[in-house]
Structures are given as structure tokens and as C-alpha cells.
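The values are calculated or read from the model by the stated rules, or taken from the named source; none is laboratory data. What you see is a predicted model, and the numbers here were worked out from it, not measured in a lab. Neighbour counts run over all protein chains shown; Cβ positions are idealised from the backbone, glycine included. All accessible areas refer to the heavy atoms of the entire protein, side chains included, with ligands and DNA or RNA removed. Shrake-Rupley method; radii C 1.70, N 1.55, O 1.52, S 1.80 Å.
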Amino acid sequence: MKLLFSTPTLLFFVLCVHTKNVHSQQRNIIQKKIQTADYHSFLKYGEYKPFPTIEQRDVWENLADEIKKYYLVEAEKNLGKPINILRSSLFLQYKANGNRTNYEAIQKEQLLRLNAALIAECIENKGRFLTDISDLVWAICEETTWSMNAHLHAQKKNHGLADIEDPTIDLWTGEVASQLAMAHLILGKKLDSISTAYRERIEIEILKRIAIPFLSRNDYWWIDGLNHKRPMNNWTPWINSNILFSTMICIKSDSIRKEIIKKTAYSVDCFTNDYPEDGSCDEGPNYWEHAAGSMYVYLEVLNDITKHQIDFFSEKLIKNMAEYAAVIQIGNGYVVNFSDATSKAKMSPYLIYAYSQSLNSKLMLTVLSQRDKEYWKNYSEAYKTFKTIINYSKIESINSTQMKLSDYHWLSGIQVQIARDNSDGKGFFLASQGGHNGESHNHNDVGNYIVYFNSSPLIIDAGAQTYDAKTFGPERYTLWQNNSMYHNVPYINGYMQEPYVKSYTDERTEAKFRATEVKSNNSPATTQFSLETKEAYPSAAGINFWKRTHTLFRKNKIVIEENFSLNTIKDSTYISFMLPKEPRLIEGKVEIYSVANEKFNLEYDKNIWKPIFEKISIYDERMTSSWGNAIYRLRFLYISPQKENKSAFTVKPKK
């Protein structure tokens, strides 16, 4: 086969790309370290075996009994059942009405089914599940595309279906490639015993759908933000980790393998170059697993391929990216769910455990105490599934003591402050944010905050709904949970906060609609966060200044101060409080309740503000998993004729 580009050509590509980037730091951690390694000693085709094959009976026979029982039952459910076809009519639903869920559900079902059958066959080793496995492998190889129907951004034809001559590499393409590579690796000759065509076909498809387009194209935005014009996000390490894993198993050509290592290193460096030094993730905690978490998978695969010649985990940035998972924990499984996040974030216990060992981080181990009891179930992602079940006993052997976190943390990279009464989660917890309205997975929420008590929600961020066409399109901020009217921020003179909407080809510029004068101060008795929010609103709102201050008075109260000056009063102005429980209005104060039904007084100046509230019914499955069927918006209407005012809202436990 003719190489897509020679090694010198690739090096020219890496070194000579456009580097205009006002936010990024050109750390290039991975590329610099790889340059010190001896490529000729890297693992070749057939040598990379990061998982035990089916012949290594001691591993599979010694899996935990609950894991063996579960996967055998799951695989038996599907024995002999027809494979659901990914129909074109389902694919077209995204273009027709924005629905991506129906198509994605079948994609996920296929990988869950293949995962279960692979694990069950490895456990039992009787050939009972081989027909199911081989049929699924062949069916997936026959599919026109492995991408999601919502991810045809780079495709030139806009007819709503995937173009077989213009392949897309997206998140799911990478996951499918890894799943097939796992079958190729683990079953090996067992799959060949049915027909050698299965593994040959897997290798052909991964070459055709992964290696060739990845090396020959640079118009996938997640490679380098179209030459550094767009900030990177979780797509970059997620896709690159799957590309590296699947190709290192299935690509025979040493030259192509070398080019893939180099280009993935370049791409993942683009991702880490965009990260702030404190490791904070502006996509929110739900994306930690596929941002910093996928970063671990990528580095683990690269470490294996390079025979552990390189130490990636001594880098402070990598440690900070990992420990962000611990910093944003609240307790009882809750996390600081700013941006597109749910109140409880799925974080792979394997990745938490693996990072803790690689970094020698006790802080990471505290997160294990928040893990779901059956975390080893229902992963459609092959690499993490197999790593989790194989390392289950090690994870469970860790004495993950009750979570103890610092009473204060300042994430300057995303302007998020975290403060709590006690390190064990008892008492008040307050998280505040500044930032800007052009962040990845942005909500218009400059100056927003959340309050918990005894690790139970009291004043909330509603979070994100199930994704559809509006979620990442021009109608994003017509979705109520994304705009500022449904966050704990002011609505001023009839105006919400404005989003900074960027196209894929925008140059990086200083974000508009942002916080200014952001300050975080901490002492043993109090933690205070303050900011100016004027720039987050359009000029038509008539704001001279609107300063907000959030203060935690430890083991006492939380005070939210509003200090503002308007040049006109021409429409309604109010402050929103998003609540998980229905409030009770009492003269001069409001009684609010945590999810745990603890009572609090919310005190305000009745000469300045008038409270009203409304019930918001929730029908979206993703949001009901956090809040049930309803939440409440408490609004304090500004009733003073004064253009300038300074007042406070105080939250205290009811005695």
C-alpha cells in the first residue's frame, strides 16, 4: 500500500500549522516526550496485547462471581435474536425533526450486545456465543457508516444520510472501531475457527474508515480546531484514544502505525494546550470522563505501545486535569453541574482508580466512595468495560474512605469557586461561577451559583436535557434550561444574558458577554465570590453596573448581594432562584426546602422585591433523573422605582 504521507511530510504538517491562538499555551507535552523515545522499539503489529485473550483462562475464571453471572445472563437474553438494522429512515430523523435518540439507541444496543457476548464467551469458553459475536461483527462491518446521524459536520453533501465516499470520524466511529478491535484481539483464533474473513474484514474496515481518513484529512475540527481557530473539547482525546487503540491492534504497516502515533500526539497536544493550568473543564463534570478520562486511556495505550519508555504522569497539568473530578464533588454523588451537566455525573471508577495509581493521588481515591454499586454494568465502550471488569477486585480492595475535601477551591481557569462548611459534606456548600457565554457546552449563566446543605440540593442548576438538533444549533438558547431566565441570575429591564455564538471557522477572540472584576476570597470564617455582570447583558438592558457577591458565612448562612445601577427602568427586572422543591411564601420571607426536606428561610427586603413562583414540569428523561417530574422557579420582582439599589438575600436553616 502507498503511504498517505511520508514521515518528513507529517513532521512538516505538525510543525508548520497555523498557530494563532490567543488562549492556548504551546506546551506540546506528548510530542516533546515522544521525540525522546526510540520508535524502533515500539510494539509492532501482533505485539500489543493490553487485555488477556480467551486462552488466558486464569483471568476469566477468576472474575468476580457477580460479574460473571450478569454478563452470562445479558448475553443469553440475545442468543439467536435478530440484529436490529440501522435503517436509513431512522438516520434521516435528525435532518427531519432533530431526533438523534432513536438511531443512537440502536447503535448503543449493538455495542452493548457485542460487549456482553464477548465477555460471556471469555467466561464460559464453550463457543455458545460465537455465532452471535460473528454475526454482530459482520453486520457492523457492513454498515454504511459508524458515525452518529447528528455528526456529519465535515461531510460535503447535505442530504441527511452518510456519504460512503466521504467518511466521517466522530465519537461513535471511534467506539465501534475499538469494539471490533477488542473482538479481534481477545477472540483471535477462536474467531478464525469460524472463518478467517472476520478478522481480515475488521482490519480492512479500520484501515478504510479510521486510518486512511485520519491521516489524509485535516478537515475534522476535532484534530486541531481547524488549525487552532476553534477551542478543543472532549472529542479530541475521546476519538484519538480509540483511533490509537484500534489501529495499534489492527494495522499491520509499520509506517502507517508510526504516522498515526505522531498525528494523534499532535492532536491530543492541541487539546491539552487549550487547558488551563488548574485542569478545570469548562464543559462541566459530565464531560470529565471523556475529556480528562479519555486522556488517561490515550496515555495508557501510548505507554503500552512505547514499552513505558515515557513518563507522562509527572506532568502537573495531567494531575490537575485528573483531580478536577474530585474538586467538583459535592457529596452523595452530586457534582457542581454548571454547563451541559446533570446533577450526578458518571465517572468511570476504573479511570479514577487508574489515575490515582499513576499519579499517587489520594484525592482521586476519595471519588471512589461516590461510585455506583454496579458500575461495571452496561458500558458500551469496550476499552473501559474490559479494564473495569478485569481490575474490579483491585478497585474494590481500595479503602476509599469517606470523602474529605478542602473547604475552599478556586478554579481560575473557568472562574468557579467552591466553598463548604465542612470537608465531610455536612452543612452548607456553595459553588459560584463567573466565566463567559461562549464556553464549550455553554449555558448563559454568568454569575450563577448553587447551594447544597448536608450534600442535598437546595438552590440548583437545572442542568441539560437530552440532546437533539436544537442543542448545538442556532436555537440552543430557546431551550429554557440553557438561557439565563432559568439560572440563578438577574433578568434586567426585559433582557436576558446574551450568548457569544461562534462558528466553526471563527478566529479565537476575547469572549464577549462575560464576567469582569471577578474576585475570590477565603478565610476560616467566610468565603466570598464577587463579580461584575454588566458585560453579560446587551447594552439595551441599560446597565451602568450590576455587581453580585456570594458569601458563605461558615456554619451560619449564605448571603447573595445585588448592587446595581440602571440608566433607565423600562421593563421588568427580577432575580431567579431555581429550586428542587415548591417554596412557601410568608410575609417578608420565603421558606425553601432541600431535596432532603430540610427547611430554610430565604430573607429579603419586601420594600424592594416581591416574590412569585411557578412550577416547571419536566418531561425529559435526562432531567427527571436529577429532579423528578418538576422543579420551581422563584422570582423576586423588582418593585422599587429607584434606578440604584443595594440589597441582600439571606439563606438560613430554619430553627
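Could you list, in sequence order, all residues of the range 324-344 that are among the aromatic types (Phe, Trp, Tyr) and in a helix (DSSP H, G or I)? Outline the logic, then answer.
Taking the range 324-344 as the starting set, the residues that turn out to be among the aromatic types (Phe, Trp, Tyr) are 324, 334, 338.
Answer for the range 324-344, where residues must be among the aromatic types (Phe, Trp, Tyr) and in a helix (DSSP H, G or I): just Tyr324.
Can you say whether Met578 is among the aliphatic types (A, V, I, L, M) and over 28 Å from Trp546 (Cβ atoms), as far as the supplied structure shows?
no
Among the residues in the range 266-276, are any open to solvent by 10 Å² or more (accessible area, probe 1.4 Å) and under 30 Å from Asn422 (Cα atoms)?
yes
For (1) of a type in the set (Val, Ile, Thr); (2) over 30 Å from Lys208 (Cβ atoms); (3) modelled with pLDDT under 90; (4) not in a helix (DSSP H, G or I), each residue gets a yes or a no:
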residue	(1), (2), (3), (4)
Met1	no, no, yes, yes
Leu4	no, no, yes, yes
Phe12	no, no, yes, no
Asn21	no, yes, yes, yes
Gln25	no, yes, yes, yes
Gln31	no, no, no, no
Thr53	yes, no, no, yes
Tyr70	no, yes, no, no
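Which members of the range 456-468 meet the condition of being in a loop (DSSP other than H, G, I, E, B) and either among the acidic types (Asp, Glu) or modelled with pLDDT of 95 or more (or both)? Walk me through how you get there before you give the answer.
Taking the range 456-468 as the starting set, the residues that turn out to be in a loop (DSSP other than H, G, I, E, B) are 460-468.
Within the range 456-468, Ile460, Asp461, Asp468 meet the criteria.
Just give me the residues in the range 210-233 being farther than 16 Å from Thr264 by Cβ and among the charged types (D, E, K, R), in sequence order.
Scanning the range 210-233 gives Asp219, Lys229, Arg230.
Out of Glu614, Glu621, report the one residue that is modelled with pLDDT of 95 or more and among the charged types (D, E, K, R).
None of the others qualify; the one that does is Glu614.
If Ile194 meets every condition in (1) within 29 Å of the chain's Cα centre (by Cα); (2) of a type in the set (A, V, I, L, M, F, W, C); (3) surrounded by fewer than 23 Cβ atoms within 10 Å (Cβ to Cβ) apart from one, which number is that one?
Against the list (1) within 29 Å of the chain's Cα centre (by Cα); (2) of a type in the set (A, V, I, L, M, F, W, C); (3) surrounded by fewer than 23 Cβ atoms within 10 Å (Cβ to Cβ), Ile194 comes up short only on (1).
Out of all the residues in the range 204-221, which are open to solvent by less than 40 Å² (accessible area, probe 1.4 Å) and closer than 18 Å to Ile164 by Cα?
Glu205, Ile206, Arg209, Ile210, Ala211, Pro213, Phe214, Leu215, Arg217, Tyr220
Of all the residues that make up the range 35-85, how many are of a type in the set (Lys, Arg), over 16 Å from Cys122 (Cα atoms) and over 32 Å from the mean Cα position of the chain (by Cα)? Show your work before the answer.
Taking the range 35-85 and keeping what is of a type in the set (Lys, Arg), we get 44, 49, 57, 68-69, 77, 81.
If we keep only those that are over 16 Å from Cys122 (Cα atoms) too, we end up with 44, 77, 81.
Then keep just the ones that are over 32 Å from the mean Cα position of the chain (by Cα); that gives 44, 81.
So the count comes out to 2.
On the basis of being open to solvent by less than 40 Å² (accessible area, probe 1.4 Å), acidic (Asp, Glu) and outside any helix (DSSP H, G or I), does Asp224 make the cut?
The answer is no for Asp224.
Give me the strands (runs of 3 or more DSSP E) completely within the range 522-628, filtered to those with at least 3 residues that are surrounded by fewer than 16 Cβ atoms within 10 Å (Cβ to Cβ) and over 33 Å from the mean Cα position of the chain (by Cα), ordered by residue number.
Counting at least 3 such residues, we get 584-586.
Regarding Met182, is this residue part of a helix (DSSP H, G or I) and either buried (at least 21 other Cβ atoms within 10 Å of the Cβ) or not acidic (Asp, Glu) (or both)?
yes
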